[in-house]
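A short worksheet on the structure shown next.
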Amino acid sequence: MGRSLVFFFLSFFLTGMLAAQSKWDSSFVAEEPEVLVLRTYLSQKYTGLNFPSEDLRYLPDRGMNIGFGVSYKKFTLNVAIPFVFLNRKIEPEYPRFFDFQGHIYPRNWVIDFFWQDYKGYRVPDGVGAEKPYLRPDLEVFKAGVHANYIFKGDKISLPAAVHQSAIQKKSALSPLVGFEFYRLQIGADSLIFPTQLSPKQNYQSADFLHLGPNAGLIGTLVLGKGFFATGSFTGNLGVGSTWNSGSAESNWNLSWGYHARAYLGYNGPRFGVNVNYVYKTLALQPLEDWTQGVQTGNYRLVLVYKLRPSEKFASTFSKYNPARIFSK
């Protein structure tokens, strides 16, 4: 838990510092820092372990969350809770998971943080006679950062699409370039690959490293009267390494991955709604003839209500606004 808290506070500081410099081209984006944006949402996060060559996919014992959030004066905070009535199919004795995903959108940049620790997986379709195939001992830890520079970032506002704390006035398109770095660890009390499938190779734990450049496109389409569609796609070709249990040697190879996000909704002066999906796939180093990878996703349905608070509230908040404090 300690490393999770350290990462959270580092991300919190960076969010405040980066958000403070945000300014957009007023002919394309209308900023609304004085508007208090309240939101509630349904969300589901996951990090799955996939073996395409063997047609096997482990999914975490995850469920649906109800979230609440606020955006005001360039500061945004969202908190989600996995209520029991939405998650009756979750195994009651499975360990709890930790999934922190930070998505920061200053002008000309989009930065994604991942700090995830899942323990307790299943193969929904089962393995052999076991349906479903449960692995409460299987644990996947993933930490990384994905950063992109938006060449026309002053004309494309992701806060308008994601937080709806601004208004995108005109459509725009821009190339992206960036860099990403990931560390991933897989471990279990027994062999990862089910012995029922009689694999030629197997392992109990492994440590993966992946880093390299990426490039792609981001665009937003304003459909009129508040309706919009925003999306981005970046592909990555980087160098990766693997350390498997029972072997002291590392294995370095080129590997690929991609990152995609999509937002579709309505952003009006008082109300807003959007559906969005953020997805990252990362190919891990193969083991013998296996191909293996990790997919991370986060999708939401968001309802938004906007209001203008009193001058007293605005003045008080400004004194304690983290986006202002950490920018000094």
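The values are calculated or read from the model by the stated rules, or taken from the named source; none is laboratory data. Predicted, not measured: the structure shown is a model, and the values here were computed from it. All Cβ positions, glycine included, derive from the backbone under ideal geometry; neighbour counts span all protein chains shown.
General remarks:
- Some residue of segment 301-310 being of a type in the set (S, T, N, Q), loosely packed, with under 14 Cβ neighbours inside 10 Å and over 11 Å from Gln164 (Cβ atoms): yes
- Segment 123-152, subset of a type in the set (Val, Ile, Thr) and under 23 Å from the mean Cα position of the chain (by Cα), residue farthest from Ala260 (Cα to Cα): Val123
- No other residue among Lys170, Lys155 is surrounded by fewer than 20 Cβ atoms within 10 Å (Cβ to Cβ) and either within 22 Å of Val37 (Cβ to Cβ) or more than 18 Å from the chain's Cα centre (by Cα) (or both) apart from Lys170.
- Residue match in segment 175-186 (condition: crowded, with 17+ Cβ neighbours inside 10 Å and among the aromatic types (Phe, Trp, Tyr)): yes
- For segment 277-292, filtering for residues that are buried (at least 18 other Cβ atoms within 10 Å of the Cβ) and more than 20 Å from Ser165 (Cβ to Cβ) leaves 8.
- Inter-residue pairs, beta-carbon under 6 Å, first within 19 Å of Ala206 (Cβ to Cβ) and modelled with pLDDT of 90 or more and in segment 129-146, second buried (at least 20 other Cβ atoms within 10 Å of the Cβ) and acidic (Asp, Glu), 6+ apart: Phe141/Asp117
- Within segment 170-212, the set of residues being in contact with a Phe, Trp or Tyr (Cβ under 8 Å, 6 or more places away or on another chain), part of a strand (DSSP E or B), under 30 Å from Ser26 (Cα atoms) and in contact (Cβ under 8 Å) with a residue 40 or more places away in the chain comprises Ala172, Ser174, Pro175, Leu176, Gly178.
- Segment 189-202, residues that are surrounded by fewer than 19 Cβ atoms within 10 Å (Cβ to Cβ), modelled with pLDDT of 80 or more and among the aliphatic types (A, V, I, L, M): Leu191
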